[in-house]
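One structure below.
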Amino acid sequence: MVTRVFQAALELFVKQLSLMIYRRMYCVEEIDRNGGFIELYWYDWYDDQKELVMKFHAHYHPDETPANITMYDPFHIHTANERRLNNEKFQELYTILEFTRLRNISIKL
């Protein structure tokens with residue numbers, strides 16, 4: 001029984017992994033030198049055709065940036081059509097990667 005359950009779990013994992021193999025997440029992080037934590041980040045997600053899917057960013061824009069852009073600082077999302085969204089849910093790399101994993105699975109089903 002345990003072997004069958006393990007085999008099913010392994011097959012599901014391999015299937016999920018194969019769905020994600022062509023996806024790419026490019027990550028740029030600025031690390032706080034004193035505390036060692038991620039201070040700013042830019043996580044950009046591309047599909048297998050190298051087309052932008054979404055960008056998850058955590059940074060402030062310069063003072064001269066228009067208000068319609070800075071209103072989403074620091075956590076914001078860029079969509080494929082360059083629309084900006086406030087990002088209150090996906091602020092840590094783990095939650096971002098989990099979102100992309102689940103989205104990839106749902107697209108392939």
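Bear in mind these aren't lab numbers, they're just calculated from the coordinates by the rules spelled out. Predicted model, so just to flag it, every value in this text is computed and none were measured. Glycine gets a Cβ as well: all are built from the backbone with ideal geometry, and neighbour counts include every protein chain shown.
Listed conditions (1) without any contact (Cβ under 8 Å) to a residue 12 or more places away in the chain; (2) within 17 Å of residue 28 (Cβ to Cβ) are all met by residue 63, apart from (2).
When segment 50-77 is limited to residues that are in a helix (DSSP H, G or I) and among the aliphatic types (A, V, I, L, M), the one that is surrounded by the fewest Cβ atoms within 10 Å (Cβ to Cβ) turns out to be 67.
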